[in-house]
Amino acid sequence: MRTFNVGIIGYGWAATAHIEAINHGHGGRVTAVCSSRELDPQALAGKHGGPVKVYRRPADLLADPAIEVVDITTYPWEHADLAVAAAQAGKHIILEKPMVLALPDLRRVEAAVRAAGVQFCICFECRWSSQFLGIKALLDRGEIGRVHYGEVDYFHGSGPWYGQYRWNVTRRGGGSSLLSAGCHALDALRLCMGGEVEEVMSYATQSTHPDFAKYEYPTTSVTLLRFTDGRVGKCASVIDCLQPYYFHTHLVGSGGSILDQKFAVHRPGFDRNRWQETDMKPIDSGDVADHPYRSQFDAFFAALAVGRPMPLSGLDEAVATHEVIFAADRSIAERRPVKVAEVRA
């Protein structure tokens, strides 16, 4: 398989995890970095194991004909403009979450990527974790029958101790609890349930602890989802908790249930009153160094090499999940149920 030259725009915490995953994976090599900060090319080469061009302006990196893939790891409010510019420059795109912070920007990015015919990967890397690859395999085999109820919840306190806190507290930077981080759980719920979300009803609240007082938006939300086929789900996004990181997953089917890394089934040879343990590694950290970027990026480059769309976390999935998020945030703002069709109009 050939190796694609990758340019990183934004050199922060997420970027270092992306570079590590790309350079130690298959199919990609980071050969350029763009940052507003002064960076030493020799120091970068020594740190990342090979020559790295340094740019100060995204336009200059996008104009480099050697760069085939652009990986955008900048602040969230910059994602839309940079993704559009990358698509218009004919570059394939890896984009950190959230994809965008506003519905009009979602439409701009989607239109630009489709018009340019470039490939797209959204960093919903939880889909590529041992936990959710394992859960998906169980579901695809029909181990718990047809899932009629699911809940996937995100608990991770993002206070002053957390790297992105300084800008995440602002509505411009974080957007909402779901856009800031809970999008991982909502996307995982969509993965597990399958089908199309018809309507959501969301509520929001906020901790009174002083560590979360600077947030300009509610830091806890809970979203109820109704799918077009009548099934239901729930997603809580709690970024103001004081507890260990927890990615709660509970799926209930016609033949059994899955709870985090355990399952129970109702058939001969199994006791439905006892959980069966699996060897799935749980998602248990908000540290990007622990995220399964390598599996995701390897799949992206493999798809790119044969001209196929990114599986599991490509443009269609990115758009669909963000449509549900924007419907949920509209439900909170307007205090009413919102049909996903409303954000598509």
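Numbers at a glance
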read-out	value
Which listed residue is farther than 25 Å from residue 183 by Cβ, out of contact with any Asp or Glu (no Cβ under 8 Å at 6 or more places or on another chain), modelled with pLDDT of 95 or more and surrounded by fewer than 20 Cβ atoms within 10 Å (Cβ to Cβ), from 85, 116, 63	63
Residues located in the range 169-206, provided they are buried (at least 24 other Cβ atoms within 10 Å of the Cβ), outside any loop (DSSP other than H, G, I, E, B) and polar (S, T, N, Q)	177, 180, 202
Filter result (under 23 Å from residue 117 (Cα atoms) and either surrounded by fewer than 16 Cβ atoms within 10 Å (Cβ to Cβ) or out of contact with any Leu (no Cβ under 8 Å at 6 or more places or on another chain) (or both)) within the range 46-60	59, 60
Boolean, residue 100 is at pLDDT 95 or above and part of a loop (DSSP other than H, G, I, E, B)	yes
Qualifying residue in the range 226-233 (condition: hydrophobic (A, V, I, L, M, F, W, C), closer than 27 Å to residue 345 by Cα and not in a loop (DSSP other than H, G, I, E, B))	yes
Matching residues in the range 157-168 - criterion: being hydroxyl-bearing (Ser, Thr, Tyr) and surrounded by fewer than 23 Cβ atoms within 10 Å (Cβ to Cβ)	162, 165
Residues (of a type in the set (D, E, K, R), over 12 Å from the mean Cα position of the chain (by Cα) and assigned to a helix (DSSP H, G or I)) located in the range 284-337	290, 294, 298, 316, 323, 329, 330, 334
All positions within the range 121-151 that are in contact with a strand residue (DSSP E or B) (Cβ under 7 Å, 6 or more places away or on another chain) and either at positive phi or surrounded by 24 or more Cβ atoms within 10 Å (Cβ to Cβ) (or both)	121, 122, 123, 135, 145, 150
Single condition residue 154 does not satisfy, out of (1) within 23 Å of residue 84 (Cβ to Cβ); (2) crowded, with 24+ Cβ neighbours inside 10 Å	(1)
Options 295, 313; residue that is outside the structural domain of residue 231 (by TED's automatic domain parsing), buried (at least 21 other Cβ atoms within 10 Å of the Cβ) and among the hydroxyl-bearing types (Ser, Thr, Tyr)	313
Selection status of residue 27, in contact with a Phe, Trp or Tyr (Cβ under 7 Å, 6 or more places away or on another chain) and at positive phi	yes
Selected residue [among the acidic types (Asp, Glu) and under 15 Å from residue 236 (Cβ atoms)] from 196, 151, 143	151
Any hit, the range 55-68, residues being touching a residue at least 60 places away in the same chain (Cβ under 8 Å) and farther than 21 Å from residue 307 by Cα	no
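The values are calculated or read from the model by the stated rules, or taken from the named source; none is laboratory data. From a predicted model like this one, the values you see are computed outputs, not experimental measurements. Note that we place each Cβ from the backbone using ideal geometry, even for glycine, and neighbour counts take in every protein chain shown.
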